[in-house]
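Before any comments, here is the structure.
Read-outs: derived from the displayed coordinates by stated rules, not from any lab. Since this is a predicted model, take the numbers as computed values, not measurements. Every residue, glycine among them, receives a Cβ derived from its backbone with ideal geometry; neighbour counts consider all protein chains shown.
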Amino acid sequence: MSNHSLRNFTKQDSDSIYAIEIAANPFPWTLKTLQSCIGGRYITRQIKINKQAVGFYVGDLVIDELTLMEICVHPDFQGQGLGQILLNDFLAKAKENKVVTCHLEVRAKNTAAQMLYMKNGFIQVHRRTGYYPAAMGYEDALVMSLSLS
Ligand SMILES: CC(C)(COP(=O)(O)OP(=O)(O)OC[C@H]1O[C@@H](n2cnc3c(N)ncnc32)[C@H](O)[C@@H]1OP(=O)(O)O)[C@@H](O)C(=O)NCCC(=O)NCCS
């Protein structure tokens, strides 16, 4: 999408960012969790279309490791390349900060996100059995990594 813009988001943007989180996730973060991941070591970026926030990600930067804590595109705007644009920005931030390894965790049934990560070179390094609560019981987490060295 050509009319998009990427910029940081702050606590002042938490309502518009949280609206995307709720719309896109069957098991969303709480607002408190989102707000606790803004500022300090966190990289918080949003994508806007015509001044409306439609997606975001949160990265946790610790020395030379960057963890993708959340990436999310509003359902009305999915499938149009915005997730890839956000991930490109995440990887650019990783390079800018001389990151050696990127990490993330994803639900085992979240094929769309896994396809996005695999397409960008992430590989599965662990599987955590029953890590996430699910509609019925629990769901495994896949731990994925990307080496940039
Ligand atoms: C994962 C997510 C961010 C992808 O955003 P998006 O804007 O729809 O993705 P894009 O249109 O940029 O697609 C990029 C790639 O993602 C993968 N992908 C996206 N949607 C997919 C789907 N429904 N099925 C399979 N693969 C899919 C594909 O590899 C796609 O590349 P391709 O178009 O060349 O096949 C989005 O689905 C989302 O917000 N999901 C809910 C939140 C979530 O699960 N976040 C991940 C937490 S770990």
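Each peptide in 102-115, 25-38, 47-60 gets a packing score, the mean of other Cβ atoms within 10 Å over its residues, and the list from highest to lowest is 47-60, 102-115, 25-38. Quick check: the distance between the Cα centres of the stretch 1-78 and the stretch 111-149, to the nearest angstrom? Taking the Cα centre of the stretch 111-149 as reference, the centre of the stretch 1-78 is 19 Å away.
Charge dipole of the chain (Cα centre as origin; +1 on each Lys and Arg Cβ, -1 on each Asp and Glu Cβ, all else neutral): 180 debye, rounded to the nearest 20. Dividing the mean sequence gap of close Cα pairs (under 8 Å, 6+ apart) by how many residues the chain holds gives a relative contact order of 18 percent. Simple rule: put +1 on each Lys or Arg Cβ and -1 on each Asp or Glu Cβ in the stretch 1-112, find the dipole, and look at Ala19, Ser5, Gln78; the Cα lying farthest toward the positive end is Ser5.
The count of lysine pairs in the chain with alpha-carbon distances below 27 Å, taking only pairs 8 or more places apart or on different chains, stands at 19.
With the Cα gyration tensor of the stretch 4-147 giving a ≥ b ≥ c as the square roots of its eigenvalues, does the rule (a/c under 1.5 for rounded; else a/b larger than b/c for prolate; else oblate) give rounded, prolate or oblate? All intermediate terms of the calculation are to be shown ahead of the outcome.
Working: a/c = 1.41, a/b = 1.12, b/c = 1.26.
Taking the square roots of the gyration eigenvalues as a ≥ b ≥ c, the stretch 4-147 is rounded.
Where both bridge residues fall in the chain, DSSP classifies roughly 90% of the beta bridges as antiparallel. When you filter the trypsin sites (Lys or Arg not before Pro) in the stretch 54-105 for DSSP loop state and at most 12 other Cβ atoms inside 10 Å of their Cβ, you are left with Lys98. Relative contact order of the stretch 43-95: 29 percent, from C-alpha pairs under 8 Å at least 6 residues apart in sequence. For the peptides 62-68, 134-140, residues were scored by their other Cβ atoms within 10 Å and the scores averaged per peptide; the highest-first order is 62-68, 134-140. Its relative contact order, with pairs defined as Cα atoms under 8 Å and 6+ residues apart, puts the stretch 1-83 at 30 percent.
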